[in-house]
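Structure record follows, encoded as structure tokens.
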Amino acid sequence: MRDFVDRIRAALSNASGLSPEEIRVEQPRDPELGDFAFPCFPLAKARKAPPPKIALELAPEVAALLEGIDVVAAGPYLNFRIDRSELARSVLERVRSDGSSYGRSDEGAGKTIVLDYSSPNIAKQFHVGHLRSTIIGAALMRLNQALGYRTVGINHIGDWGSQFGKLVAGIAR
């Protein structure tokens, strides 16, 4: 999605005169409005026009610069909807080019995440619920590692009291 946001920023920069760093692309609260939105408020003062008028003027100009992305003026916003086949093509191309490093980042560098998962009660029979929790915990651990976090997985073995209490009682007898 970052590639699409960069393309949107470049097109908006070209059409509006703002630098790409000044352009704030956000996600609309209602997904029906599109995948991304650009509020035209920052342009109102410089262009001495209301944001809805600016959005209407910018929409066709920006749309001409963006292939595979629909641009619609909606009040003071320009809304962008990415063509799903273009999105799929982009993702598959990225998966092919990145290979096994696809989806990795360093956003968690220097941070630690501790995951406590499974925690079977050893006084009772092991069951599929423990296994499910262990699998989910291990998957979360690998996902966080791929994002650069130092992960610590703890599979706490719980409830040692019952069986040791019985052993102590047995020894005492």
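Whenever a residue of the stretch 65-77 is in contact (Cβ under 8 Å) with a residue 12 or more places away in the chain, its partners that are aliphatic (A, V, I, L, M) and open to solvent by 30 Å² or more (accessible area, probe 1.4 Å), lying with C-beta atoms within less than 6 angstrom and at least six residues away or across chains, give the pairs Val71/Ala63; Ala73/Leu56. Selection over the stretch 19-56 of residues that are in contact with a helix residue (DSSP H, G or I) (Cβ under 7 Å, 6 or more places away or on another chain) and in a loop (DSSP other than H, G, I, E, B) gives a count of 5. Can you spot a residue in the stretch 73-91 that is under 30 Å from Ile157 (Cα atoms), out of contact with any Leu (no Cβ under 9 Å at 6 or more places or on another chain), of a type in the set (Lys, Arg) and surrounded by 12 or more Cβ atoms within 10 Å (Cβ to Cβ)? The answer is no; no qualifying residue exists.
Beta carbons closer than 8 Å, at least 6 apart along the sequence or on distinct chains, pair a first residue in the stretch 17-35 that is open to solvent by 70 Å² or more (accessible area, probe 1.4 Å) with a second that is in a strand (DSSP E or B) for Arg24/Phe38; Arg24/Pro39; Gln27/Phe36; Gln27/Ala37; Leu33/Ala74; Leu33/Tyr77; Leu33/Asn79.
Being free of Cβ contacts under 8 Å to residues at least 40 places away in the same chain, open to solvent by less than 50 Å² (accessible area, probe 1.4 Å), at positive phi and not in a loop (DSSP other than H, G, I, E, B) is a property that holds for Gly99. Against the test of being surrounded by 13 or more Cβ atoms within 10 Å (Cβ to Cβ), modelled with pLDDT under 95, within 30 Å of Ile54 (Cβ to Cβ) and not hydrophobic (A, V, I, L, M, F, W, C), the options Gly153, Gly68, Gly137 yield a single qualifying residue, Gly68.
Quick one: is Lys111 more than 17 Å from the chain's Cα centre (by Cα) and surrounded by 12 or more Cβ atoms within 10 Å (Cβ to Cβ)? The answer is yes for Lys111. For Asp3, state whether it is closer than 30 Å to Thr151 by Cα, touching a Gly at 6+ places or on another chain (Cβ under 9 Å) and not aliphatic (A, V, I, L, M). No. Beta carbons closer than 6 Å, at least 6 apart along the sequence or on distinct chains, never pair a first residue in the stretch 121-150 that is farther than 19 Å from Gly103 by Cα and free of Cβ contacts under 8 Å to residues at least 40 places away in the same chain with a second that is open to solvent by 100 Å² or more (accessible area, probe 1.4 Å) and in a helix (DSSP H, G or I).
The values are calculated or read from the model by the stated rules, or taken from the named source; none is laboratory data. Since this is a predicted model, take the numbers as computed values, not measurements. Because the Cβ atoms are built from the backbone with ideal geometry, glycine has one as well, and the counts that use them run over all protein chains shown. Each accessible area value is taken on the protein alone, full model and side chains, heavy atoms only, with ligands, DNA and RNA left out. Shrake-Rupley method; radii C 1.70, N 1.55, O 1.52, S 1.80 Å.
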